[in-house]
Amino acid sequence: MSTANAPITAKHQRMTLVVLALLAIVAAGLIAVWALRNQANYFYLPEQMAQTPPEIGQPVRLGGMVQAGSLATEADGVTVNFIVTGNTASAVAVRYSGILPDLFVEGSGVVAEGSLQADGTFLATNLLAKHDENYVPKELEGLEPHQAQDKVAETTVGI
(Lines give C-alpha, C1' and ligand atoms only; values in the text may rest on other atoms or scores of the structure.)
Protein backbone atom coordinates (compact mmCIF):
# COMPACT_ATOMS: atom_id res chain seq x y z
CA MET A 1 0.00 0.00 0.00
CA SER A 2 1.25 3.46 -0.88
CA THR A 3 1.98 6.06 1.83
CA ALA A 4 0.82 8.91 -0.42
CA ASN A 5 -2.83 8.11 0.20
CA ALA A 6 -2.44 7.11 3.88
CA PRO A 7 -4.47 9.17 6.37
CA ILE A 8 -2.63 11.65 8.64
CA THR A 9 -2.10 10.18 12.09
CA ALA A 10 -2.91 12.01 15.32
CA LYS A 11 0.80 12.23 16.08
CA HIS A 12 1.47 14.07 12.81
CA GLN A 13 -1.48 16.43 13.41
CA ARG A 14 -0.15 17.36 16.86
CA MET A 15 3.34 17.90 15.46
CA THR A 16 1.95 20.13 12.71
CA LEU A 17 -0.03 22.19 15.24
CA VAL A 18 3.04 22.59 17.49
CA VAL A 19 5.17 23.78 14.56
CA LEU A 20 2.46 26.23 13.44
CA ALA A 21 2.07 27.56 16.99
CA LEU A 22 5.84 28.10 17.30
CA LEU A 23 5.91 29.90 13.94
CA ALA A 24 3.02 32.13 15.06
CA ILE A 25 4.81 33.01 18.32
CA VAL A 26 8.05 33.84 16.51
CA ALA A 27 6.17 35.92 13.93
CA ALA A 28 4.32 37.84 16.68
CA GLY A 29 7.61 38.54 18.46
CA LEU A 30 9.25 39.81 15.28
CA ILE A 31 6.27 42.05 14.50
CA ALA A 32 6.36 43.47 18.04
CA VAL A 33 10.10 44.19 17.83
CA TRP A 34 9.67 45.80 14.42
CA ALA A 35 6.76 47.97 15.62
CA LEU A 36 8.58 49.13 18.78
CA ARG A 37 11.99 49.74 17.25
CA ASN A 38 11.48 53.52 17.10
CA GLN A 39 9.60 53.75 20.38
CA ALA A 40 12.54 52.86 22.62
CA ASN A 41 13.98 55.93 24.33
CA TYR A 42 17.32 55.60 26.05
CA PHE A 43 17.77 57.27 29.45
CA TYR A 44 20.81 59.49 30.02
CA LEU A 45 22.14 61.29 33.07
CA PRO A 46 23.97 64.59 32.37
CA GLU A 47 27.37 62.97 33.02
CA GLN A 48 26.55 60.12 30.61
CA MET A 49 25.46 62.60 27.96
CA ALA A 50 28.75 64.47 28.35
CA GLN A 51 30.87 61.30 28.10
CA THR A 52 29.03 59.44 25.34
CA PRO A 53 26.41 61.72 23.78
CA PRO A 54 23.62 60.20 21.70
CA GLU A 55 23.40 60.83 17.98
CA ILE A 56 22.07 64.24 16.99
CA GLY A 57 18.28 64.02 16.72
CA GLN A 58 17.99 60.56 18.35
CA PRO A 59 15.03 60.49 20.77
CA VAL A 60 16.30 60.01 24.34
CA ARG A 61 15.38 60.90 27.91
CA LEU A 62 17.53 63.14 30.07
CA GLY A 63 17.13 62.91 33.84
CA GLY A 64 18.55 65.02 36.61
CA MET A 65 17.94 68.06 38.78
CA VAL A 66 16.96 71.54 37.56
CA GLN A 67 19.86 73.79 38.56
CA ALA A 68 18.84 76.58 40.92
CA GLY A 69 18.92 79.98 39.20
CA SER A 70 19.01 78.53 35.68
CA LEU A 71 15.32 78.76 34.76
CA ALA A 72 14.73 81.53 32.20
CA THR A 73 11.52 82.20 30.25
CA GLU A 74 11.85 83.74 26.79
CA ALA A 75 9.84 86.72 25.54
CA ASP A 76 7.16 84.48 23.96
CA GLY A 77 6.19 83.32 27.47
CA VAL A 78 6.07 79.67 26.41
CA THR A 79 9.71 78.76 25.78
CA VAL A 80 11.94 78.11 28.77
CA ASN A 81 15.63 77.41 29.07
CA PHE A 82 17.19 75.70 32.06
CA ILE A 83 20.14 73.52 33.03
CA VAL A 84 19.90 69.91 34.18
CA THR A 85 22.67 68.72 36.50
CA GLY A 86 23.64 65.31 37.73
CA ASN A 87 25.80 63.90 40.51
CA THR A 88 28.96 65.51 39.13
CA ALA A 89 29.81 68.88 37.63
CA SER A 90 28.26 67.81 34.32
CA ALA A 91 25.34 69.90 33.14
CA VAL A 92 23.16 69.99 30.04
CA ALA A 93 21.35 73.06 28.72
CA VAL A 94 17.70 72.29 27.95
CA ARG A 95 15.17 74.21 25.84
CA TYR A 96 11.43 73.48 26.08
CA SER A 97 8.38 75.11 24.50
CA GLY A 98 5.05 74.34 26.12
CA ILE A 99 3.15 74.34 29.36
CA LEU A 100 5.33 73.43 32.33
CA PRO A 101 4.15 70.71 34.73
CA ASP A 102 2.85 72.03 38.08
CA LEU A 103 5.66 70.33 40.01
CA PHE A 104 8.41 71.81 37.79
CA VAL A 105 10.56 74.16 39.86
CA GLU A 106 14.23 74.92 40.27
CA GLY A 107 15.99 72.35 42.42
CA SER A 108 13.48 69.61 41.62
CA GLY A 109 13.95 66.41 39.67
CA VAL A 110 13.01 66.31 36.01
CA VAL A 111 12.97 63.86 33.13
CA ALA A 112 13.06 65.57 29.73
CA GLU A 113 12.12 63.66 26.59
CA GLY A 114 13.64 64.99 23.40
CA SER A 115 16.87 65.02 21.43
CA LEU A 116 20.33 66.51 21.48
CA GLN A 117 20.91 69.29 18.96
CA ALA A 118 24.09 70.05 17.02
CA ASP A 119 24.92 73.00 19.30
CA GLY A 120 24.84 70.73 22.38
CA THR A 121 21.46 71.96 23.63
CA PHE A 122 18.87 69.35 24.53
CA LEU A 123 15.57 70.17 22.80
CA ALA A 124 12.82 68.76 25.02
CA THR A 125 9.44 67.80 23.61
CA ASN A 126 7.99 66.66 26.95
CA LEU A 127 8.85 67.31 30.60
CA LEU A 128 8.07 65.00 33.49
CA ALA A 129 8.51 66.68 36.87
CA LYS A 130 9.39 64.49 39.82
CA HIS A 131 8.57 65.20 43.45
CA ASP A 132 10.23 63.97 46.61
CA GLU A 133 8.72 61.81 49.32
CA ASN A 134 7.66 64.91 51.26
CA TYR A 135 5.32 66.14 48.52
CA VAL A 136 2.05 67.70 49.69
CA PRO A 137 -0.62 68.92 47.23
CA LYS A 138 -1.19 72.69 47.22
CA GLU A 139 -4.72 72.20 48.57
CA LEU A 140 -3.38 70.48 51.70
CA GLU A 141 -0.39 72.74 52.44
CA GLY A 142 -0.43 74.23 55.94
CA LEU A 143 -3.23 72.01 57.22
CA GLU A 144 -2.96 69.90 60.35
CA PRO A 145 -3.03 66.11 59.69
CA HIS A 146 -6.63 65.74 60.92
CA GLN A 147 -7.74 68.73 58.79
CA ALA A 148 -6.04 67.21 55.74
CA GLN A 149 -7.80 63.89 56.35
CA ASP A 150 -11.16 65.69 56.60
CA LYS A 151 -10.46 67.55 53.35
CA VAL A 152 -9.56 64.29 51.57
CA ALA A 153 -12.69 62.64 52.96
CA GLU A 154 -14.84 65.51 51.63
CA THR A 155 -13.44 65.19 48.12
CA THR A 156 -13.72 61.40 47.96
CA VAL A 157 -17.35 61.04 49.08
CA GLY A 158 -19.26 58.97 46.55
CA ILE A 159 -16.22 57.53 44.80
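Sorted largest first, the spans of the alpha carbon positions of the range 14-67 along the three principal axes are 63, 20, 17 Å.
For the pair Leu22 and Val111, a Förster radius of 35 Å applied to the C-beta separation gives a FRET efficiency near 0.35, rounded to the nearest 0.05.
Quick check: from the Cα gyration tensor, does the range 48-107 come out rounded (a/c under 1.5), prolate or oblate? All intermediate terms of the calculation are to be shown ahead of the outcome.
Numbers: a/c = 2.09, a/b = 1.40, b/c = 1.50.
In terms of gyration-tensor shape, oblate.
Atom-type composition of the exposed protein surface of the range 1-96 places 64 percent of the accessible area on carbon and sulfur (1.4 angstrom probe). Please report the net charge: other residues with Cβ closer than 13 Å to the Cβ of Pro54, K and R +1, D and E -1. Its environment carries a net charge of -1.
Lys and Arg at +1, Asp and Glu at -1: add these up for the other residues within a Cβ distance under 14 Å of Leu116 and post the number. Walk me through the intermediate numbers first.
On the way: positive: Arg61, Arg95; negative: Glu55, Glu113, Asp119.
That works out to -1.
Between Leu123 and Leu30, the FRET efficiency from the beta-carbon distance, with R0 = 30 Å, is close to 0.35. Computed over the alpha-carbon pairs of the range 1-92, the distance histogram in 5 Å steps reads 2, 10, 11, 11, 10, 9, 7, 6, 5, 5, 5, 5, 4, 4, 3, 2, 2, 0, 0 percent, short to long.
The values are calculated or read from the model by the stated rules, or taken from the named source; none is laboratory data. From a predicted model like this one, the values you see are computed outputs, not experimental measurements. All Cβ positions, even for glycine, are placed from backbone atoms using ideal geometry, and neighbour counts span all protein chains on display. The area values use the complete protein model at the heavy-atom level, side chains included, leaving out ligands, DNA and RNA. Shrake-Rupley method; radii C 1.70, N 1.55, O 1.52, S 1.80 Å.
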